[in-house]
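Participant: Can you read through this structure? Questions will come right after.
The values are calculated or read from the model by the stated rules, or taken from the named source; none is laboratory data. This structure is a prediction, so every number in the text was calculated from the model and none was measured. In this analysis, Cβ positions are derived from the backbone assuming ideal geometry, glycine residues included, and neighbour counts consider all displayed protein chains.
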Amino acid sequence: MAGKAAGAVIAGERGLYFAVAGLLAAAGAIYLATGVNFFKFTNLLNIARGFSMLSIAALGQTLVIIGGGLDLSVAEVISTANVFAATFMAGRNELFLPITALTLAFGALVGLFNGLLITRRQVPAFVATLGSSIVLRGARLMWTKGLPRGYIPDNLNQLGVGTTLGIPNLFYVFLAASLLVSLLLTRMGYGRRLYAVGTSRAVATLSGIRTERTIVGSYVLCGIASAFVGILLGGYTDMSDQRIGEGYDLDTIAVAVLGGAAIGGGSGSVRGTVIAAVIILVITNLSLLMGFPIQSQMVIKGLVIVLALWLNGRRET
Amino acid sequence: MRKIIRITLLAVLMAAVGLAAFAAGGGESQGAKKGIVIGFSNAGMGDSWRQFLVANFKAECARHPEITEYFITNADEKPEKQLADIDDLLVKGVDALIVYPTVADAIIPAIEKVFAQGIPVIVFGGNIGTDKLTCSVQQDLLEFGRAQAKWLAEELKGKGKIVMLSGIAGNTTAEDRLAGAREIFKKYPGIQILDHQYCDWSPPKAKSIMEAMIQAFPKIDGIWADSGLMSWPALQAMKEAKRPLVPSTGDQLNGYTKFLVANNVRGYAYPMTTMLSGEAVKQAVKAAKGEKVEKIVYIKITGYGPDQIKQLTKPDLSDWYWIGDDKMPAEFLPQL
């Protein structure tokens, strides 16, 4: 059974590789036909930054989906963490690390709350995380009276926009984050337990896995990842913004699902999610370079996701 | 049910007050004529622009000694809450009602009802589809786009390649600004529009879209953006790409003008004024006194060129401060 699930994931990944190859071929054709150069190094660097932030948030979402859940509070955690961090860092370099730690702890707390609501009170994940996202937004607006506040310290701004050895700093952050999640899923007991719980909670319970703790863990990690992206977005835009996380909730779900994470749990992988994020970013970038209106990008993005799901669905029957 | 209780309570209270006045010797209370009471049903307080709007409302009220009291309600952007708010304000006995609509269509019946009762209704901040109101205070949004476009075209001496960044597709404010701008750019054949994108008034979106535009177009001479929320990150993107910074347009957002001043680059800030609320108060007072009020009052706006931007920008204050909209005593200014 586990073998079959893994087989489906790999088959799904093959589809993803084809999609990437197809997109790159399209980019080449566009270059030859119109002279619009997707492969220009500076363009790739731009993509790398947006990609890094989307990937980190989507990896958190992937963990939750593998465990059989769904986190709709990602966007609000991002926005709240962004305002929180900017407010308390107040533009001071020396506060970057301590406040980052505090902000991540805040993300973990939201995840803990989500996880406990879902496991202890049996609230459906969809409703629980939607609820906490509404609470978060309300609390943030009450706290700030709707005013964005705070300043981004220079070192965080450098992390968001700077490069090291020609590679965006954000990309190194992404590499570290994906390595961590990858180790967690493939080399550590927690990963095995998470897949088991997502595949069948009943079987996992019978095998002696503490399913509640495992599920709560996935939400905590997703909360941390989201809060982290909130901080990184602050570095990227050099400002705090009440709505900076908007769109990340559905984008992370789309990326995770396109990457082979099945709603319902049991499958999903770092590689799949990362490749899916590449696909989404390349599509967005290519259509922007071509001067297509942004609305058309949503259509293309949506179609790619639906197509991927349709192909995956057929394969599994 | 709550409403019935509220009305009953109020009736009892009024009867008691009337009785007390009668016992105290009747006639006198009529002689001491009470001043004007203003009710302001606000749509929401979700950002610093709204804070300035309310600050300007309060400051203007303070300039009119005849206003003895005012009430402000906040609908949290919910039309159903706004309907209840308006009822509450009526119960408080306001002499004039000022409304910033949440969803214009949804509150038309309430506005018409108040107007039918003979209470002056002043609406601002939204084009409302009824003429059963006393006065609508408006800012011409086509002119917003026109003024920005005219400045940019003149700044580029009628020749250059520009990109356009709009707010939300289909949003009236964004579409009006865009239509006004396009109307002007058409008159300048030397201005070439390389691309136009909707960035949803979102800084990260505007920044990443601008990054792609920078890659797609080797030369960009100017940025038309309908808001500083987008020209500011767009300029950041140009700076990070080590491109020369170019003339841009935006609104009176301090963060945007701070960036212009700090980088010594020319720009144009056309205010989306928060002084609409002050103008609404003026019209409300006139109407409450029984003076004649125009059905539609357009508020006069002047845009800020590079020199005024330098004068008005507040380098030490919040990015979310609105320059030029702070012509009020310090105690009213929002604490950002």
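Participant: Residues of the stretch A:276-302 being in a helix (DSSP H, G or I), closer than 15 Å to A:Phe38 by Cβ and at the interface with chain B (Cβ under 10 Å from one of its Cβ atoms), which ones?
Facilitator: Correct list: A:Leu281, A:Thr284, A:Asn285, A:Leu286, A:Ser287, A:Leu288, A:Leu289, A:Gln297.
Participant: Limited to the stretch B:315-336, what total is found for residues that are of a type outside the set (Gly, Ala, Ser), away from chain A (no Cβ under 12 Å) and not in a loop (DSSP other than H, G, I, E, B)?
Facilitator: Matching residues across the stretch B:315-336 total 2.
Participant: While we're looking at this one, here's another question. Suppose we filter A:Ile30, A:Ile78, A:Ile65, A:Ile10 for residues that are in contact with a helix residue (DSSP H, G or I) (Cβ under 9 Å, 6 or more places away or on another chain), modelled with pLDDT under 90 and of a type outside the set (D, E, K, R); which single one remains? Step through it out loud before you land on a result.
Facilitator: On the way: A:Ile78 fails: modelled with pLDDT under 90; A:Ile65 fails: modelled with pLDDT under 90; A:Ile10 fails: in contact with a helix residue (DSSP H, G or I) (Cβ under 9 Å, 6 or more places away or on another chain).
Among A:Ile30, A:Ile78, A:Ile65, A:Ile10, only A:Ile30 is in contact with a helix residue (DSSP H, G or I) (Cβ under 9 Å, 6 or more places away or on another chain), modelled with pLDDT under 90 and of a type outside the set (D, E, K, R).
Participant: Among the residues of the stretch B:155-178, write down those that are assigned to a helix (DSSP H, G or I) and surrounded by 14 or more Cβ atoms within 10 Å (Cβ to Cβ).
Facilitator: Scanning the stretch B:155-178 gives B:Glu155, B:Thr173, B:Ala174, B:Glu175, B:Asp176, B:Arg177, B:Leu178.
Participant: Please work out which one of (1) assigned to a helix (DSSP H, G or I); (2) among the polar types (S, T, N, Q); (3) within 14 Å of chain B (Cβ to nearest Cβ) is the condition A:Thr273 fails and give its number.
Facilitator: Of the numbered conditions (1) assigned to a helix (DSSP H, G or I); (2) among the polar types (S, T, N, Q); (3) within 14 Å of chain B (Cβ to nearest Cβ), the odd one out for A:Thr273 is (3).
Participant: Out of the stretch B:214-235, which residues are in contact (Cβ under 8 Å) with a residue 60 or more places away in the chain and outside any loop (DSSP other than H, G, I, E, B)? I'd like the intermediate steps shown before the answer.
Facilitator: Step one: of the stretch B:214-235, the residues in contact (Cβ under 8 Å) with a residue 60 or more places away in the chain are B:221-227, B:230-231, B:234.
The answer is B:Gly222, B:Ile223, B:Trp224, B:Ala225, B:Met230, B:Ser231, B:Ala234.
Participant: State yes or no: is A:Ile275 of a type in the set (A, V, I, L, M, F, W, C), in contact with a helix residue (DSSP H, G or I) (Cβ under 8 Å, 6 or more places away or on another chain), farther than 30 Å from A:Ala86 by Cβ and at pLDDT 90 or above?
Facilitator: yes
Participant: Among the numbered criteria (1) within 21 Å of A:Ser178 (Cβ to Cβ); (2) assigned to a helix (DSSP H, G or I), which one does A:Gly266 miss?
Facilitator: With (1) within 21 Å of A:Ser178 (Cβ to Cβ); (2) assigned to a helix (DSSP H, G or I) applied to A:Gly266, the lone miss is (2).
Participant: Collect the residues in the stretch B:238-270 that are of a type in the set (S, T, N, Q) and surrounded by fewer than 22 Cβ atoms within 10 Å (Cβ to Cβ), keeping them in residue-number order.
Facilitator: B:Asn263, B:Asn264, listed by residue number.
Participant: One residue is enough: does the stretch B:106-119 have a residue meeting the conditions in contact (Cβ under 8 Å) with a residue 24 or more places away in the chain and of a type in the set (D, E, K, R)?
Facilitator: no
Participant: Exactly one condition in (1) in a loop (DSSP other than H, G, I, E, B); (2) within 14 Å of chain A (Cβ to nearest Cβ) is not met by B:Glu211; state its number.
Facilitator: For B:Glu211, the failing item is (1).
Participant: Just give me the residues in the stretch B:50-91 being of a type in the set (Lys, Arg) and either in a helix (DSSP H, G or I) or surrounded by 19 or more Cβ atoms within 10 Å (Cβ to Cβ) (or both), in sequence order.
Facilitator: Across the stretch B:50-91, the qualifying residues are B:Arg50, B:Lys58, B:Lys81.
Participant: Here is a list of conditions, (1) within 14 Å of A:Leu59 (Cβ to Cβ); (2) surrounded by fewer than 19 Cβ atoms within 10 Å (Cβ to Cβ); (3) not charged (D, E, K, R), and A:Tyr190 meets all of them except one; can you say which number that is?
Facilitator: Here A:Tyr190 clears every test but (1).
Participant: Taking B:Thr257 as the residue in question, decide whether it is more than 13 Å from chain A (Cβ to nearest Cβ) and either at pLDDT 95 or above or farther than 30 Å from B:Gly35 by Cβ (or both). Lay out the reasoning, then the answer.
Facilitator: Values: more than 13 Å from chain A (Cβ to nearest Cβ): yes; either at pLDDT 95 or above or farther than 30 Å from B:Gly35 by Cβ (or both): yes.
Criteria met by B:Thr257.
Participant: Considering only the stretch B:167-193, how many residues are within 14 Å of chain A (Cβ to nearest Cβ) and modelled with pLDDT of 95 or more?
Facilitator: To start, the set of residues in the stretch B:167-193 that are within 14 Å of chain A (Cβ to nearest Cβ) comprises B:167-171, B:174-175, B:178, B:192-193.
The next check asks that each one be modelled with pLDDT of 95 or more; those that pass are B:178, B:192-193.
The qualifying residues number 3.
Participant: OK, next. Go through the stretch B:32-73 and report how many residues are touching a Leu at 6+ places or on another chain (Cβ under 7 Å) and more than 14 Å from chain A (Cβ to nearest Cβ).
Facilitator: Count: 4.
Participant: Right, here's the next one. Give me the pairs: first residue in the stretch A:213-241 and touching a residue at least 40 places away in the same chain (Cβ under 8 Å) and surrounded by 24 or more Cβ atoms within 10 Å (Cβ to Cβ), second residue in a helix (DSSP H, G or I) and of a type in the set (Ser, Thr, Tyr), beta-carbon distance under 6 Å, and six or more apart or on different chains, which are they?
Facilitator: If the second residue must be in a helix (DSSP H, G or I) and of a type in the set (Ser, Thr, Tyr), the pairs left are A:Ile215/A:Thr119; A:Ala227/A:Thr103; A:Ile231/A:Thr100; A:Ile231/A:Thr103.
Participant: What number of residues within the stretch B:179-193 satisfy the criterion of being buried (at least 17 other Cβ atoms within 10 Å of the Cβ) and more than 20 Å from the chain's Cα centre (by Cα)?
Facilitator: The qualifying residues number 4.
Participant: Continuing with the same structure: May I ask you to verify whether B:Ala110 is at pLDDT below 95, farther than 29 Å from B:Tyr268 by Cα and surrounded by fewer than 16 Cβ atoms within 10 Å (Cβ to Cβ)?
Facilitator: no
Participant: In the stretch B:214-233, what residues are more than 14 Å from every other protein chain (Cβ to nearest Cβ) and in contact with a Gly (Cβ under 8 Å, 6 or more places away or on another chain)?
Facilitator: Within the stretch B:214-233, B:Asp221, B:Gly222, B:Ala225, B:Asp226 meet the criteria.
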